[in-house]
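Accompanying notes for the structure given below.
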Amino acid sequence: MNQEEFFKKITAHAKEYGFVFPSSDIYDGLSAVYDYGQNGVELKNNIRQYWWKAMVQMHENIVGVDAAIFMHPTVWKASGHVDAFNDPMIDNKDSKKRYRADVLVEDHIAKIEDKINKEVEKAKKRFGDAFDKEQFVSTNARVLGYKQEIEDISHRLYAAMENNDLAGIKQLIEDLGIVCPISGSRNWTDVRQFNLMFATQMGSLAEGANEIYLRPETAQGIFVNYLNIQKTGRMKVPFGIAQTGKAFRNEIVARQFIFRMREFEQMEMQFFVRPGTELEWFKHWKEERLRWHLSLGIPAEKYRYHDHEKLAHYANAATDIEFEFPFGFKELEGIHSRTDFDLSSHSKFSGKKLQYFDPETNESYVPYVIETSIGLDRMFLAMLSHAYTEEKLEDGSERVVMKFPAALAPYKVAILPLVKKDGLPEKAREIMEQLTPDFMCQYEEKDSIGKRYRRQDAIGTPLCVTIDNQTLEDNTVTVRDRDTMEQIRVNADELYTIIRNKIAPKKI
Ligand code: GAP
């Protein structure tokens with residue numbers, strides 16, 4: 001199965017099993033907006049809680065905040081979003097389709113990368129076991145030519161982006177002969193800047209309505225509450241403020257399911273530190289955040305760092321944690337050393353001193369900030385694509401099993417009476433009642449036990465507990481493991497400990 005087919009299967013499975021639906025589905029959906037169904041909402045809540053626990057509960061010096069989505073319009077002036085939260089867009093005059101100009105160029109680069117991969121595959125077949133990939137890509141003339149081509153294009157693109165040279169980006173698109181994927185033509189408009197923030201009106205027109213924005217990131221709700229929280233929580237630098245919540249961006253190219261959405265959720269943490277110590281803390285959070293991902297038991301090869309060479313003017317270090325999605329390695333989380341840019345800018349625009357008096361050094365300063373920022377929906381997609389597995393079983397049948405990390409699975413355990421009679425449903429409900437205060441349980445008595453196991457596999461329930469006639473005699477039950485399908489017989493009183501151990505995070 002190629003990656004495109006695999007991605008289609010994940011999307012279809014997500015809809016069929018109540019994880020993700022297109023928004024307003026009965027009206028044929030709304031572009032790049034999605035709803036989470038009965039299983040999706042549990043998975044999403046579990047991801048959020050797993051993050052909150054690691055960031056807030058496990059750190060004495062990190063506290064939470066829940067700021068409003070609407071904020072004073074000047075916030076977005078101070079943050080730079082009004083002037084600079086833009087993407088360069090270009091329209092094709094024949095298809096009337098709009099594209100992100102930089103993405104057209106990046107897609108072109110991806111095609112050249114594909115050519116390199118094909119050369120590698122060919123050589124691998126030719127040389128067999130003796131093949132040394134590193135040596136091949138650093139010496140083969142054709143591959144070196146492709147690499148040089150990529151470097152030249154990237155250099156022109158990033159220089160044009162940095163200098164806001166829109167004509168330069170258009171020239172690059174023309175020089176590369178990039179055509180519209182729909183019309184196949186090169187009939188392009190000029191490149192223009194497009195601000196990604198959604199604007200709306202607050203107050204009635206009669207009162208003089210103000211234009212306000214739906215927040216494009218949760219981070220600013222943290223910065224504007226810095227002083228409130230530092231003072232009321234008597235927080236001492238270094239300390240952090242965490243927040244999860246909705247963000248909105250009018251993305252020009254919204255694609256790849258829930259990877260790039262117009263309404264999405266972020267989980268962000270701003271860590272305030274003494275100036276001069278920020279690069280140490282940046283390193284700390286870079287490692288700490290990767291550890292969080294690995295604690296879910298996902299193989300390390302699925303992750304990689306992408307350190308930014310070109311930094312935003314306010315940052316002095318930045319990296320992305322990339323995940324291998326079905327469409328390649330892409331950004332899942334960003335870790336940025338943002339200096340004192342945000343607090344200083346809000347100080348300037350609000351006229352309020354956003355400083356910290358450090359009792360250890362007897363001086364006041366504007367703290368520097370390390371930000372960790374992960375998209376909740378993107379993490380959800382990472383988990384969906386990691387979990388989706390098709391297996392052929394020994395008896396020749398097939399199953400689709402969602403191998404979610406047990407801590408994130410929508411339901412932790414399914415309670416299944418073997419038959420719908422002989423007092424088994426009553427006993428099953430009695431066992432379930434003991435577990436529901438602590439774990440999400442699902443009770444199922446319809447259909448054969450085999451069919452019920454398949455349904456639980458498809459939504460990723462790590463454990464199935466079967467109650468049979470022997471249970472009535474000695475209180476033992478069968479526990480079936482989702483991944484190995486192995487079954488063990490245990491006393492029902494042991495279930496709490498078995499489930500607890502199953503969902504405990506891996507120590508990294
Ligand atoms: N406060 C910093 C910030 O917002 P960002 O790189 O623009 O930085 C952080 O976004 C994370 O939010 C990304 O790594 C990604 O996981 C998620 N994200 C950004 N735009 C998104 C979108 N349109 N749809 C879904 N997730 C998005």
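The values are calculated or read from the model by the stated rules, or taken from the named source; none is laboratory data. Here the structure is a predicted model, which is why all the values come from computation and not from measurement. So basically every Cβ, Gly included, is an ideal-geometry build from the backbone, and we count neighbours across all protein chains shown. Remember, those area values only see protein heavy atoms, side chains included, never the ligands or the DNA or RNA. Shrake-Rupley method; radii C 1.70, N 1.55, O 1.52, S 1.80 Å.
Residues within the reach of a label modelled at D447 (point 7 angstrom out along Cα to beta-carbon, backbone nitrogen below 15 Å), restricted to segment 396-413, are 398-402. Using all pairs of distinct alpha-carbon atoms, the Kirkwood hydrodynamic radius of segment 397-503 works out to 13.6 angstrom.
Within the chain, antiparallel bridges make up roughly 85 percent of the DSSP beta bridges whose residues both belong there.
For the chain, with all protein chains in place and a probe radius of 1.4 Å, 49% of the accessible heavy-atom surface sits on carbon or sulfur.
The Cα atoms of the chain define a convex hull whose projected area, averaged across directions, is 31.6 nm².
Each Lys and Arg contributes +1 and each Asp and Glu -1, all at the Cβ; summed about the Cα centre of the chain, the dipole is approximately 300 debye. Between L393 and E121, the simple label model (points 7 Å from Cα in the Cβ direction) yields a spacing of 3.3 nm. In this structure, the pairs whose alpha-carbon distance is over 18 Å, taken from K412/K502; K9/K502; K9/K392; K122/K302; K118/K392; K231/K353, are K9/K502; K122/K302; K118/K392.
For the listed peptides 412-421, 145-154, 244-253, a ranking on the average number of other beta carbons within 10 Å per residue, highest first, reads 412-421, 244-253, 145-154.
The residues of the chain expose on average 51 square angstrom of accessible surface per residue, using a 1.4 Å probe on protein heavy atoms. Taking each of K124/K147; K124/K403; K97/K170; K15/K44 in turn, the alpha-carbon distance tops 21 angstrom for K124/K403. For segment 388-449 and segment 54-97, what is the centre-to-centre distance using only Cα atoms, to the nearest Å? After rounding, the separation between the Cα centres reads 41 Å. Relative to one another, the C-alpha centroids of segment 234-290 and segment 314-349 are positioned 7 Å apart.
Of the residues S344, S448, S385, the one with the largest accessible area comes first in the ranking S448, S344, S385, computed with a 1.4 Å probe on protein heavy atoms. Ordered by 1.4 Å accessible area with all protein chains kept, E360, E278, E288 run largest first as E360, E288, E278. Computed with a 1.4 Å probe over protein heavy atoms only, the accessible area of D422 comes to about 90 Å².
For segment 297-424, taking the reciprocal of the average inverse distance between every pair of different Cα atoms yields a Kirkwood hydrodynamic radius of 19.5 Å. Counting Cα-Cα pairs of segment 86-194 in 10 Å increments starting at 0 gives whole-percent bin shares of 14, 38, 25, 16, 7, 0. Ranked from largest to smallest solvent-accessible area, with a 1.4 Å probe on the protein heavy atoms, L311, L279, L435 come out as L279, L311, L435.
Each label point was placed 7 Å from the Cα along the Cα-to-Cβ direction; for F357 and V33 their separation is 4.9 nm. Taken over the C-alpha atoms, segment 24-133 has Rg and Dmax values of 23.5, 63 angstrom.
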